[in-house]
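Beneath this line is the structure, given in structure tokens, with notes to follow.
The values are calculated or read from the model by the stated rules, or taken from the named source; none is laboratory data. The structure displayed is predicted, hence computed values, not measured ones. Ligands, DNA and RNA are stripped out before the accessible areas are found, and what is left, the full protein with its side chains, is counted by its heavy atoms. Shrake-Rupley method; radii C 1.70, N 1.55, O 1.52, S 1.80 Å.
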Amino acid sequence: MTTSATTCTSCVFFEDKAAANAGVCRAHPPVPSSAAEKPAAVWPTVKTDDWCGQHTAGRQ
């Protein structure tokens, strides 16, 4: 079970993007994306209440 203390919002690698309940995870380098007209590299979009096994506390 996850708690708010171990969700993306409290992780040092989470960057809030002012989207409703979402941001990007910067724990690893961006990955190529073909969704845009021009090739681009993007970080994964995550929800604020998502979690992973690499959570690193830092933001309060």
So what does V42 come to for accessible area, using a 1.4 Å probe and Å² rounded to 10? 60 Å²
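Output the relative contact order of the chain, whole-number percent, from Cα pairs under 8 angstrom with separation of 6+ residues. Present the calculation step by step, with values, prior to reporting the outcome.
Details: 97 pairs, mean separation 26.0, N = 60.
With pairs under 8 Å counted, the relative contact order is 43 percent.
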Skip the ligands, DNA and RNA, and give the accessible area per residue of the chain with a 1.4 Å probe, whole Å². 77 Å²
Out of the total accessible area of the chain (probe 1.4 Å, heavy atoms of protein only), what percent is carbon and sulfur? 59 percent
Here are a few candidate values for Rg/Rh (Cα atoms, Kirkwood Rh): (i) 0.94; (ii) 0.97; (iii) 1.02. Which one was actually calculated from the structure I just gave you? (iii)
